[in-house]
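The values are calculated or read from the model by the stated rules, or taken from the named source; none is laboratory data. The shown structure was predicted, so the numbers you read here are calculated from the model rather than taken from an experiment. Reconstructed Cβ throughout: ideal geometry from the backbone, glycine too, with neighbour counts over all protein chains shown. Quick note on the areas: whole protein, heavy atoms, side chains included, nothing else; ligands and nucleic acids left out. Shrake-Rupley method; radii C 1.70, N 1.55, O 1.52, S 1.80 Å.
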Amino acid sequence: MATRSSASTLEGIWATLLLAFVVTALYFGHALFVPLALATLITFLLSRLVTRMERWIGRVPAVLLVVILLFSLAGGASWMVGHQVIDLAQKLPDYQANITRKVHSIRLPVIGVLSRFSSSVDALQNELVSPSQTPSPTEPAPESLPKPSPPSAKPVPVKVIEGRNAIPQLLQETISAVLSPLGTAALVLLLVIFMLLKREDLRGRMIRLIGQGRISATTRAMDDAATRVSRYLSMQFLVNTCYGTSIAIGLHLIGVPNAALWGLLAGVLRFVPYVGPWAGALLPVLLSFAISTNWITPLLTIVLFVGLEVTISNFIEPWLYGASTGVSPIALIISAVFWTWLWGPVGLVLSTPITVCLAVMGRHAPRLEFLSVLLSEDQALASHEEFYHRLLAVGTQGAEEFAETFTTAHSLTELYDQVAIPAITRVEMDTQTGGLGAEQRTSVLQRIHDLVEDLAVHRPEEPATKDQNIPEATVQGTRVMCIPASAYRDELAGEMLVQLLLRYGFDAANSAARLKAEELLDQAIKFEPELLCISVVTPSTLAQARHLSATFRERFPAVKILVGAWNAANSLTNAKERLRAAGANDLVVSLAEAAIQLSKMTAPLADEMMIAPKSANEEERLGELRGLKLLDTPAEENFDRITQRLTRLFRVPIALLTLIDKDRQWFKAQTGLPPDLADARSTPRDVSLCGHVVAKDDILIVHDLARDPRFANNPFLKEQGFRFYAGVPLRGPNGLPIGSLCILDTKPREISRQEQDLLQVVAEDVMDEIKRRPVTEADRSSENGKT
């Protein structure tokens, strides 16, 4: 792993050196740049191979062996190319007849329309250049005018070379033409050898020179440049090799001679961006034109080159390259034009690696960030910035079109979290700094509101558990109320959350920001939520959320409260603790996280109901119950008045005074029960709620029986439609629980601490009434009959 990292860093050195040589060339010219750039590029390609080989044979032998192999391959390729060129030169005279025939076949007809037009243009041109001086027959030529002299020919410069110096001068020019590329090649070879031998030393010097002590950042930048350039060159080599091989095979099948030469030439020239493929196709097309007696061979050759280039450029290269370069296509084109203008063909070949290095420098050097903005393929504006920009363009549908396009590749949750809410934050911040006026702010927020409503109506519903891990069966019907912290921006974010929660199966509602705290409490009392979510969008503060949490916690002690600080950028660890101290249960920063957290807060429903358990001292409890002589006695007016008073005090439809026998729940008094239950005066103990009160010997409050995992699947409760229950134990003379005094409702509701205390006081009054109650003969008969 360390070796791989070291090799990557070394490759980054060569990418950096390439940039250094670019700067050098700008000062000292093209002649110095070419050998340095070529040597750096070759070293970049060979460094990893040398690193692997030197572990087996040592550094110097590895460098020499790799260089010898490289130049041997180059020499072999040059010999093959030369052999093919000589063979082609020997065959060219044989193609003269076909060329002459083709030229005659495409010559324009002599008496055609284009031929006559061309002749007329030539005649007019001659008349303008050498006008005739012959006088017209109606006007005699004046004798005073001299005769025109014939035009004199323009002198041609002639270079005179003395005979005795011709041969030495020709020899000198020939030797210079031969030695110049050989000298460049020797310099490149020497530079490659020493760069490979001293690559670690060069690495350290470049890191110290460029990094200025920031070793980590410099190494990361070099690794990034090396990875991108190496991946680009590797993929380009693979593509061009396959391209050249395909061209050679295709030309051989078509019948073009020397197909291997043209395949090699096409593969090599394709390293030159944009113009290389067509330059490589020129000679094979001309040759196919020369050798064929018809037009089929040239057409097949053109189709071969065009078809391969279009396929590779539009399908294969985008798939293989991907984001390997990290440079935008338009930047590559402009870069190719610039470097070609500056250094000619060499600049065109190196334009992509140089541009990649410049883009990487812009990513890692803050002062050069403009290079990354100009050259990289990264999106110029973030998604929310682009959306905000389009919102400000009044009179267009740009924002709506952007949202529609965004949701084709992303979920609605991501649109709200990553685009809409950050845009709302930008609107509010710009308004505070004076960048937006009040009217413009209102207009932009209204457009976002209209967009959210439009998405709620027209966008197809997403599966509830598409990517949120939200169990639909658990959240189905759970009531969630969203409360804005202070302003319309908070209400707008809450509207987005409600829309998402409705899709997931929640029963959600959103409150208006214009309502005061008292009005919000009244609205919550009517809605009877199981969960509350306080919406906070910057510049609204968490202090406002803490105040609302404390207010609602005091009024709804059993409701779970979630605070959503949407798109919050700062650390919220301390804020979460302060919110919990104020009464909130948790804090989230995104709508996606809020949906998941709300589903977790929703109590999971059990597959089976919880049967009312029996207490440890069940026999003693039953003995005390039977000793009171209450079971199966007739209804008594004083107990009926108590249940009637409870329904009025607590504003509930049902109140019961129950006694829990061994296997049944018996109603001593009741108000509001359905007629069948009122006549039966008992239910099985297993399905009773009061049995749980007796078992735990304490008050039992269930705000929503349909959402409580203990009772959600109770068939008796489902059949009767009971949703709310509050019961306190009735204790006998020895303090053992014998039954319960309870109230029920057909809809979920809350009960305050004062109301719970009141219910317990009434239960104590009931027990006092039972203790004062005289035992009649009818009571004894009923008890004996039961026994």
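When you count the other C-beta atoms within 10 angstrom of each residue and take the mean per peptide, 572-583, 68-79 line up highest first as 572-583, 68-79.
How big is the charge dipole of the range 637-730 about its Cα centre, in debye rounded to the nearest 20, if each Lys and Arg gets +1 on its Cβ and each Asp and Glu gets -1 on its Cβ?
Computed charge dipole of the range 637-730: roughly 240 debye.
Checking every one of the trypsin sites (Lys or Arg not before Pro) in the range 608-666 against DSSP loop status and a limit of 12 other Cβ atoms within 10 Å picks out Arg651, Lys662.
Working ranking of peptides 589-600, 245-256 by packing, defined as the average number of other Cβ atoms within 10 Å per residue, highest first, is 589-600, 245-256. Extending 7 Å from the Cα toward the beta-carbon at both Val337 and Lys614 defines two label points whose distance is 9.4 nm.
The HN-Hα couplings worked out from phi for the range 748-754 by the Karplus form 6.51 cos²θ - 1.76 cosθ + 1.60 (θ = phi - 60°) are x, 6, 9, 9, 7, 4, 5 Hz, whole numbers, x standing for Gly and Pro.
Candidates Asn510, Ile525, Val536 compared by Cα position along the dipole of the range 491-551: farthest toward the positive end lies Val536, with charges placed on Cβ.
Met235 exposes around 50 Å² of accessible area when a 1.4 Å probe is run over every protein chain in place. Say R0 is 30 Å: what FRET efficiency, to the nearest 0.05, do Val85 and Leu253 get from their beta-carbon distance? In this case the efficiency is close to 0.85.
Leu187 to Asn294: extension gain in nm, 0.36 nm per residue of separation minus the Cα-Cα distance?
Length gained, Leu187 through Asn294: 33.6 nm.
Overall shape: oblate for the range 667-782, with the ratio a/c of the largest to smallest alpha carbon gyration tensor axis at 1.5 or above and b/c at least equal to a/b. Computed 3J(HN,Hα) for the range 256-272, one whole-Hz value per residue from the Karplus formula 6.51 cos²θ - 1.76 cosθ + 1.60 where θ = phi - 60°, is 7, x, 6, 5, 4, 4, 6, x, 5, 5, 5, x, 6, 5, 6, 5, 7, glycine and proline marked x. Kindly state, to the nearest 0.05, the FRET efficiency for Glu317 paired with Thr405, given R0 = 22 Å and r defined as their beta-carbon distance. It comes to 0.30.
Under a 5 Å amide H cut-off, with hydrogens placed 1.01 Å from N, Ser376 pairs with Ser328 among residues at least 5 apart or on other chains.
Spin-label model, Ile525/Phe271: points 7 Å from Cα along the beta carbon direction are separated by 8.3 nm. Once the C-beta distance of Met429 and Leu381 is scaled by a Förster radius of 22 Å, the resulting FRET efficiency is 0.85 to the nearest 0.05. Beyond 32 Å in Cα-Cα separation lie the following of the pairs Lys526/Lys600; Lys576/Lys696; Lys696/Lys771; Lys576/Lys718; Lys747/Lys771; Lys600/Lys718: Lys576/Lys696; Lys576/Lys718; Lys747/Lys771.
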